[in-house]
Amino acid sequence: MPSASYATLEIMADVSFLEAIHAFVESFFSKFPSIARREDNVSYTLHLAVSEACTNVMKHAYKDKGSGPGMLRLEMWVTAKRVVIQVTDHGSGFDTEGIVDPDFDGPPREGGNGLFIIKQSMDRLEYHSQPGFTVLRCEKEL
C-alpha cells in the first residue's frame, strides 16, 4: 500500500488523548478530496467510527488489568474504492456474543452503543477478540 494513503498512530488508551486522535484523523482525511469534499458527509461517518472504536478501547480494554491504561494502535488507509480503519489493543478482550443492539422501543440507555453505531455507519465490520489482543476493523466504500 502506498505510504501517502496509510497512517498509523500508537497512543495511550486514555480519554484525555481523544482530542489528539481527532486531530490526527482530521489531518489524514483532509488530504483526500474524494473524502473531504463529498456531499454525503462520509468524513463525519469515518470520524464517528474512529471515535467510537477508540473510546471503547479507552473505557473497556484495560479496566481489568489494574495497571492503568495501555496502548491502542489506530491504522487508516484509503484506496480508490474504500477506507479501512483498524484499531488494535492488548487489553482483556471481550465476548462478542454478549453484545446486543440497542432496543429503541424501550427506555434509552446510557452508553453501550459504540459497536452498533459503527455497524450502522460503516459498510463492513469485523472484530476478533481474545484475552490480550483485540482487533476491530471496519470499511467504508467510496
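Using modelled amide H (1.01 Å from N, peptide plane; none on Pro or chain starts), what sits under 5 Å from the amide H of M71, excluding residues fewer than 5 places away?
Under 5 Å from the amide H of M71 lie the amide H atoms of A13, H90, each far enough along the sequence or on another chain.
Quick one: length gained pulling K81 to E26 fully straight, 0.36 nm per residue minus the C-alpha distance?
Numbers: separation 55, 0.36 × 55 = 19.80 nm, distance 1.96 nm.
Gain on stretching K81 to E26: 17.8 nm.
For a quick check of your reading of the filter: which GluC sites (Glu not before Pro) in region 6-36 sit in a DSSP loop and have no more than 13 other Cβ atoms within 10 Å? Please report the intermediate quantities before stating the final value.
Numbers: sites: E10, E19, E26; in loops: none.
Passing sites in region 6-36 do not exist.
Under the definition of Cα pairs under 8 Å and six or more residues apart, what whole-number percent is the relative contact order of region 18-72? Can you show the working numbers first?
On the way: 22 pairs, mean separation 15.2, N = 55.
Relative contact order here is 28 percent.
Taking region 1-73, how much of its Cα-Cα pair set, in percent, is spaced more than 13 angstrom apart?
68 percent
Determine how many Å³ per residue the convex hull of the Cα atoms of region 3-141 encloses.
In region 3-141, the Cα hull volume divided by residue count equals 120 Å³.
All of the numbers you see were taken from the coordinates with simple rules; none came from a lab. Because the structure is a prediction, the values reported are computed rather than measured. Glycine also receives a Cβ, built like all others from the backbone with ideal geometry; neighbour counts cover every protein chain displayed.
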